[in-house]
Amino acid sequence: GWAAAGLAVLSRGFRSPVAVVGAHRVPEPPYAAGPQAAVAGATSMIDVSDGLMADLGHLAEASGVLIDVRTAALEVPQRLSEVASALGADPRHWMLTGGEDHALAATFPRDVALPEGWTAIGAVRETSTPRVLVDGRPYEGPAGWDHFAR
């Protein structure tokens, strides 16, 4: 959501706060987190560049699973909350649909301890209809980054 917040700030003609503008202009992918997750037993992984919902959708489709994201598990950083409040936006919407942060999302077996720095944000289960839900429901609104450019 940091890059989406940066884009929102820039689109309003502002250049600060620097933390969100910088996240949009120069993302810092967590390069070490990928191999770390793989060694820990990740069963699938994707770069979140199009938005969490969109990229989890790709993962769900490729794996034939349902992914249910719990918004309560998405810890909203204080600075992101402040920017969202100032712009009349929802920081969790940025976190769910904003891209270009280049974070990683991965699935792990239930019995695997998550590596340091990783947080469980939902659950995966088998389904005949691969898709992504948010708090057990289809997400209302666009799923990914492309809607921010409009």
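Miscellaneous remarks
- If the condition is being out of contact with any Gly (no Cβ under 8 Å at 6 or more places or on another chain) and either closer than 22 Å to ALA120 by Cα or in contact (Cβ under 8 Å) with a residue 40 or more places away in the chain (or both), then the stretch 83-98 contributes VAL83, ALA84, LEU87, ALA89, ASP90.
- Condition met for LEU80 (in contact with a Gly (Cβ under 9 Å, 6 or more places away or on another chain) and either open to solvent by less than 60 Å² (accessible area, probe 1.4 Å) or within 29 Å of LEU7 (Cα to Cα) (or both)): yes
- Sub-8 Å Cβ pairs linking a first residue in the stretch 119-144 that is of a type in the set (S, T, N, Q) to a second residue that is in a strand (DSSP E or B), at least 6 apart or interchain, are THR127/VAL65; THR127/LEU66; THR129/LEU66, ordered by first then second residue.
- The residues of the stretch 21-36 that are open to solvent by less than 60 Å² (accessible area, probe 1.4 Å) and out of contact with any Leu (no Cβ under 7 Å at 6 or more places or on another chain), listed by number, are GLY22, ALA23, PRO27, PRO29.
- Of ALA103, ALA89, all but one fail to be more than 16 Å from the chain's Cα centre (by Cα) and at pLDDT below 95; the exception is ALA89.
- In the stretch 83-103, the residues that are open to solvent by 70 Å² or more (accessible area, probe 1.4 Å) and more than 11 Å from VAL134 (Cβ to Cβ): SER85, ALA86, GLY88, ASP90
The values are calculated or read from the model by the stated rules, or taken from the named source; none is laboratory data. If you're wondering where the values come from, they're calculated on a predicted model, not measured in any experiment. Every residue, glycine as well, gets a Cβ built from its backbone with ideal geometry; the counts of neighbours run over all protein chains shown. Quick note on the areas: whole protein, heavy atoms, side chains included, nothing else; ligands and nucleic acids left out. Shrake-Rupley method; radii C 1.70, N 1.55, O 1.52, S 1.80 Å.
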